[in-house]
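S.K.: Here you go, one structure.
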Amino acid sequence: MRTDEVYRKTRETEVTVKVNLDGEGKIEVETGIGFFDHLLTSFATHSLINLTAKVKGDLKHHAIEDLAIGVGEALSKALGNREGITRFGYTAVPMDDSLAFAAVDLVKRPYAVINLKLRGKKIEDMQTEDITHFFETLATSLSANIHVWTEYGGNDHHKAEAAIKALALSLKQAVAMDPRRKGVPSSKGVI
């Protein structure tokens, strides 16, 4: 099984993350931020990655950032040398008035392009800038190329939720084992 966990404690936060890439989408989440819990639940449900995500923090921004670091590190460790994986994933997700896309490359070169077109300052109890920051920090700590964008939408809640679902489905594709793949999925022979 491709599983791993990360425990991270700083003066600002305490983070516990466990992942199972070959899971069923089970989620155990405790962030103290209702909308963030909602996004992480959608992520686990649609990626089929079992996820335990717990954080205690002094500030919401620090909690979100450090949990993104923990999730990315746990996913990266669970992937090991990334041998036999599909590597790429791409998805479009409609959600009512919104349409979001995500593209992922698990190449071990961190890069993020995030354009959610969020208009408000908050969604429920979460700053919209922290949603974008979550995606960016996840890309860095996972060492992946992650591109997520919302094509259109009138409701920020729907745009953010469609975006996390698109990322989840793209990661589901990218982490999947390719039964025909021998070694790492790179013409260089190494990722």
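The values are calculated or read from the model by the stated rules, or taken from the named source; none is laboratory data. The shown structure was predicted, so the numbers you read here are calculated from the model rather than taken from an experiment. Virtual Cβ from ideal backbone geometry, glycine too; neighbours counted across all protein chains shown.
S.K.: Looking at the range 127-142, which of its residues are in contact (Cβ under 8 Å) with a residue 40 or more places away in the chain and touching a Gly at 6+ places or on another chain (Cβ under 8 Å)?
M.R.: If the condition is that a residue be in contact (Cβ under 8 Å) with a residue 40 or more places away in the chain and touching a Gly at 6+ places or on another chain (Cβ under 8 Å), then THR137, LEU138, ALA139, THR140, SER141, LEU142 are the ones that fit.
S.K.: Now for a separate question. Taking interchain pairs and intrachain pairs at least six residues apart, which have beta carbon atoms under 9 angstrom, with the first residue in the range 11-22 and among the hydrophobic types (A, V, I, L, M, F, W, C) and the second in a loop (DSSP other than H, G, I, E, B)?
M.R.: VAL19/ARG2; VAL19/ILE49; LEU21/MET1; LEU21/ARG2; LEU21/LEU48; LEU21/ILE49; LEU21/ALA176
S.K.: Considering SER98, SER76, which residue is over 24 Å from VAL6 (Cβ atoms), surrounded by 15 or more Cβ atoms within 10 Å (Cβ to Cβ) and of a type outside the set (Asp, Glu)?
M.R.: Details: SER76 fails: over 24 Å from VAL6 (Cβ atoms).
Only one candidate qualifies: SER98.
S.K.: Output the residue which, of all residues in the range 106-130 that are within 19 Å of LEU67 (Cα to Cα) and touching a Ser or Thr at 6+ places or on another chain (Cβ under 6 Å), is surrounded by the most Cβ atoms within 10 Å (Cβ to Cβ).
M.R.: Of everything passing the filter in the range 106-130, ILE114 is surrounded by the most Cβ atoms within 10 Å (Cβ to Cβ).
S.K.: With respect to LYS159, determine if the residue is crowded, with 21+ Cβ neighbours inside 10 Å, under 12 Å from ALA92 (Cβ atoms), of a type outside the set (Gly, Ala, Ser) and modelled with pLDDT of 95 or more. Explain how you work it out, then say what you get.
M.R.: Working: crowded, with 21+ Cβ neighbours inside 10 Å: yes; under 12 Å from ALA92 (Cβ atoms): no; of a type outside the set (Gly, Ala, Ser): yes; modelled with pLDDT of 95 or more: yes.
Judged against the criteria, LYS159 is not a match.
S.K.: Wholly within the range 1-92, which strands (runs of 3 or more DSSP E) include no fewer than the required count, namely at least 1 residues that are at pLDDT 95 or above and within 13 Å of the chain's Cα centre (by Cα)?
M.R.: Details: elements: 3-9, 13-20, 27-30, 50-57.
Filter on the range 1-92 gives 13-20, 50-57.
S.K.: Is it the case, given these coordinates, that LYS117 is within 22 Å of VAL17 (Cβ to Cβ), out of contact with any Cys (no Cβ under 7 Å at 6 or more places or on another chain), at pLDDT 95 or above and in a loop (DSSP other than H, G, I, E, B)?
M.R.: On the way: within 22 Å of VAL17 (Cβ to Cβ): no; out of contact with any Cys (no Cβ under 7 Å at 6 or more places or on another chain): yes; at pLDDT 95 or above: yes; in a loop (DSSP other than H, G, I, E, B): yes.
Answer is no for this residue.
S.K.: Looking at the range 92-141 only, could you name the residues that are of a type outside the set (A, V, I, L, M, F, W, C), out of contact with any strand residue (DSSP E or B) (no Cβ under 8 Å at 6 or more places or on another chain) and within 27 Å of SER76 (Cβ to Cβ)?
M.R.: Within the range 92-141, LYS108, GLN127, GLU129, ASP130, HIS133, THR137, SER141 meet the criteria.
S.K.: On to the next question. Could you list all residues from the range 170-191 that are buried (at least 21 other Cβ atoms within 10 Å of the Cβ) and not β-branched (Val, Ile, Thr)?
M.R.: Pass one, the range 170-191, residues buried (at least 21 other Cβ atoms within 10 Å of the Cβ): 170-171, 174-175.
Within the range 170-191, SER170, LEU171, ALA174 meet the criteria.
S.K.: Still on this structure: Kindly indicate the residue of the range 141-188 that is hydroxyl-bearing (Ser, Thr, Tyr) and outside any helix (DSSP H, G or I) and also farthest from TYR7 (Cα to Cα) among those meeting that condition. Can you show your working first?
M.R.: Filtering the range 141-188 down to residues hydroxyl-bearing (Ser, Thr, Tyr) leaves 141, 143, 150, 152, 170, 186-187.
Keeping just the survivors that are outside any helix (DSSP H, G or I) gives 143, 150, 152, 186-187.
Details: SER143: 18, THR150: 32, TYR152: 37, SER186: 31, SER187: 34 Å.
Ranking the candidates gives TYR152 first.
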